[in-house]
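> Let me give you the structure first, and then I'll get to my questions.
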Amino acid sequence: MNLRSKNVFTLFFRSSFGLPLGTWIVVSIVYYWWLISRINVLETQNKVFKSQLKLSQNAMRQIESDSTYKVPEIPDEAGTLCETVHIALVCMGKCTRIIMPMLKSLLQHRQNPIHFHFIVDTAADQTISKLFDTWDLPDVKYTCYNAQNSLSQVRWVPNSHYSGIYALVKLLFPDILPDTLQQVIVLDSDLTFLCDIAELWNMFRNMTDNQLFGLVENESNWYYDTAKRWPALGRGYNTGVMLLDLNKIRKKINWTKVWHSAVNENIERLKQTTLADQDVINAIIKKDPNLVYNISCQYNVQMSTKTLAKGCYGEDRDNIKIIHWNSPSKYNIRIRDADYFKNIYLSYVNFDGNLLKEKLHTCSQTEPVTYKINHSDLCSSFRAAQRVKLRTHLYYMEYTYDDIDNFDVTLVLQLSMDRLQFLERLVKYWEGPLSAAIYLSDCEVTKFESFIRDWSDTLSSRKNIGYHLVFKHDDCLVVAAFETQRYRASPPRSKAALRARLANDVAPFRAREWPRGHRATNYTKWINANAPYNVSLKLTKPLF
């Protein structure tokens, strides 16, 4: 447009070069006529484009109103990655501590959604619920069934198993578990998984209409001593890993009557069960071998004192699917390959449970909530920390306390592993109940247990201390602490207001009494800082 204006300007001054004024006027009129016609053409084209754009926008609005995009969903159907695998475990008494490595190994290898069915007592109910609510694992559900009042149904059975009455609770599964649950994998708590549990779940499809149990053969000659042992088919079967078809059991037999009969027929001669539910189930199978589906030995490689497991895997240790620590000595069993298997177990003891929170694939439209971070917000990291759930394991060590006079005071404190030795000094002066939240990582749990059990006579003898483990998730945020010497002083509402009062009535917390305790905050740097910064804490003097 500027170029054409320049040309017009030039034409108006051509008269100075000898052109008649009339000719100049005619040329100017023709040029303006041509320019106006081009503008009309452009306006017409512009109207067409606007009309087309409007039609396209209306079409898009119609599409958006008719349908909304949905994340593709894999159905929860047999044979798919989103078929839910149901697992049942007895977790009563001291189970909540020893079950963790097994859960980690199982979850680390799984692909499918998992629904855990925990048979618990009152104490374990609280611990398991808090653990899974704070762990917040994707595609993992759990249900707790408090069987405290159901123990009377098996208490009449004489039993010498080291787990006591809890070892008989599996016999009550068809009654305790809901009728809507048709099939379930029953597991002991002393297992280490090296495979996807879906491999076991898929075996339900191979079972015949008559087969109620899926079991691995017992890997010892225990049941061959027929004079002292409960009746069994050959070497018998180990119930540490069991497929239980609840639907068939409820439809085909009177389960309570069947297992009661098995106990009554043998208890007079044998006086008691030694292997608890395993003895009773083997006696049932002995009478009707068609009830059992044989699972390969690699899915229950048994680490007992007189194990014959070597005959299962031979020299190919990579062929093992599940390790079962079914000796009373558990992970300290001294047999061939024991150290190799124990190292695998210890790797899951130290395994970071937060790694299991990564979503594998989409099995439903329910997705985790994401938050947009406003990087201009200097407190964004603090606000993000409010939304983090820290995995919490309540009452990790054995806890007992009797309130004698209905008037007692509980000392509550929190600390990290580097201050554990100070806890030992404190409890020497505090005989009452104590609740301690320990902030640590998975790989520090063994060190924590060892310190309490093996290195501190004071802590190991105390049962009225509730140890609650809170597992690390990224770094901690340390807030600068201040105090005022004034009584009922109003707190400052901003950092600027706080800075203005530093020279008057506000000072760093305990700056006079113990300056080294909060020196790591670096208050001089904090005053001018506009973003979080790293600090290092080094104590040169004990707290107590």
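The values are calculated or read from the model by the stated rules, or taken from the named source; none is laboratory data. Since the structure is predicted, the reported quantities are computational estimates derived from the model, not experimental observations. Note: ideal-geometry Cβ built from the backbone for every residue, glycine included; neighbour counts use all protein chains shown. Accessible surface is based on the protein model in full, side chains and every heavy atom, while ligands, DNA and RNA are left aside. Shrake-Rupley method; radii C 1.70, N 1.55, O 1.52, S 1.80 Å.
> So which of Lys228/Lys251; Lys104/Lys389; Lys321/Lys389; Lys389/Lys447; Lys310/Lys357 end up more than 29 Å apart by C-alpha? Present the calculation step by step, with values, prior to reporting the outcome.
Numbers: Lys228/Lys251 34 Å; Lys104/Lys389 18 Å; Lys321/Lys389 33 Å; Lys389/Lys447 24 Å; Lys310/Lys357 35 Å.
The pairs that break the limit, which is 29 Å between Cα atoms, are Lys228/Lys251; Lys321/Lys389; Lys310/Lys357.
> Still on this structure, please answer the following. Provide the per-residue ³J(HN,Hα) series for segment 405-418, in order, calculated from phi with Karplus coefficients 6.51, -1.76, 1.60 and θ = phi - 60°, each as a whole number of Hz, with x at glycine and proline positions.
Once θ is set to phi - 60°, the couplings for segment 405-418 become 10, 6, 9, 8, 10, 9, 7, 10, 8, 10, 7, 9, 4, 6 Hz.
> While we're on this one: Could you give the distance between the Cα centres of segment 134-189 and segment 428-497, to the whole Å?
34 Å
> Please compute the length gained on full extension between Asn319 and Asp339, using 0.36 nm multiplied by the number of residues separating them and subtracting their Cα-Cα distance.
Result: 5.5 nm gained on full extension.
> Moving on. Among the listed pairs Lys130/Lys252; Lys359/Lys472; Lys170/Lys306, which are separated by more than 29 Å between their Cα atoms?
Over 29 Å Cα-Cα: Lys130/Lys252.
> Hey, another quick one. When the accessible area of segment 85-357 is split by element with a 1.4 Å probe, what percent falls to carbon and sulfur?
Accessible surface attributable to carbon and sulfur in segment 85-357 totals 46 percent.
> Now for a different question. Under a plain spin-label model, where a point goes 7 Å from the Cα along Cα-to-Cβ, how far apart in nm are Tyr533 and Asp175?
6.7 nm
> Looking only at Cα atoms, what is the convex hull volume of segment 482-528 per residue, in Å³?
Working: hull volume 3.5 nm³, N = 47.
Given the Cα convex hull of segment 482-528, per-residue volume reads 75 Å³.
> Over every pair of different alpha-carbon atoms in segment 85-357, take the mean of 1/r and invert it; report that Kirkwood radius in Å.
Kirkwood hydrodynamic radius for segment 85-357: 19.0 Å.
> Additional query: Take the Cα radius of gyration of segment 392-471 and divide it by 2.2 N^0.38 Å, with N its residue count; two decimals is plenty.
Numbers: Rg = 12.3 Å, N = 80, 2.2 N^0.38 = 11.6 Å.
Here the Cα radius of gyration is 1.05 times the empirical estimate.
> Under Stokes-Einstein, with the Kirkwood radius over Cα pairs standing in for Rh, what whole-number D in µm²/s applies to segment 73-193 at 4 °C and 1.567 mPa s?
D = 85 µm²/s.
> Any idea how far apart Lys359 and Thr208 come out in nm if each label point goes 7 Å out from Cα toward Cβ?
4.5 nm
> Sticking with the crude label model, points 7 Å out along Cα→Cβ, report the distance from Ile29 to Leu411 in nm, one decimal please.
11.0 nm
> For segment 111-254, what is the convex hull volume of the alpha-carbon atoms per residue, in Å³? Spell out each step's value before the answer.
Numbers: hull volume 21.7 nm³, N = 144.
Looking at segment 111-254, the number lands at 151 Å³ per residue.
> If we sort 224-230, 343-349, 238-244, 299-305 on the protection proxy, mean other Cβ atoms within 10 Å, highest first, what's the order?
With the highest mean Cβ count within 10 Å placed first, the list reads 238-244, 299-305, 343-349, 224-230.
> Place the peptides 152-162, 185-195 in order of packing, highest mean first, counting for every residue the other Cβ atoms within 10 Å and averaging per peptide.
Result, highest mean Cβ count within 10 Å first: 185-195, 152-162.
> Right, another one. How high is the FRET efficiency from Ala520 to Gln272, r the C-beta distance, R0 60 Å, rounded to 0.05? Show your work: numbers first, answer last.
On the way: r = 61 Å, r/R0 = 1.01.
Computed FRET efficiency for Ala520 and Gln272: 0.50.
> With a 10 Å radius around each residue's Cβ, average the other Cβ atoms per peptide and rank 262-268, 231-237, highest first.
Per-residue Cβ counts within 10 Å, averaged per peptide and sorted highest first, yield 231-237, 262-268.
> Further question: Gain in length, Ala507 to Ile98, computed as 0.36 nm per residue apart minus the alpha-carbon separation, to one decimal in nm?
142.5 nm
> Expressed as cubic angstrom per residue, what is the convex hull volume of the alpha carbon set of segment 203-261?
So the per-residue Cα hull volume is 104 Å³.
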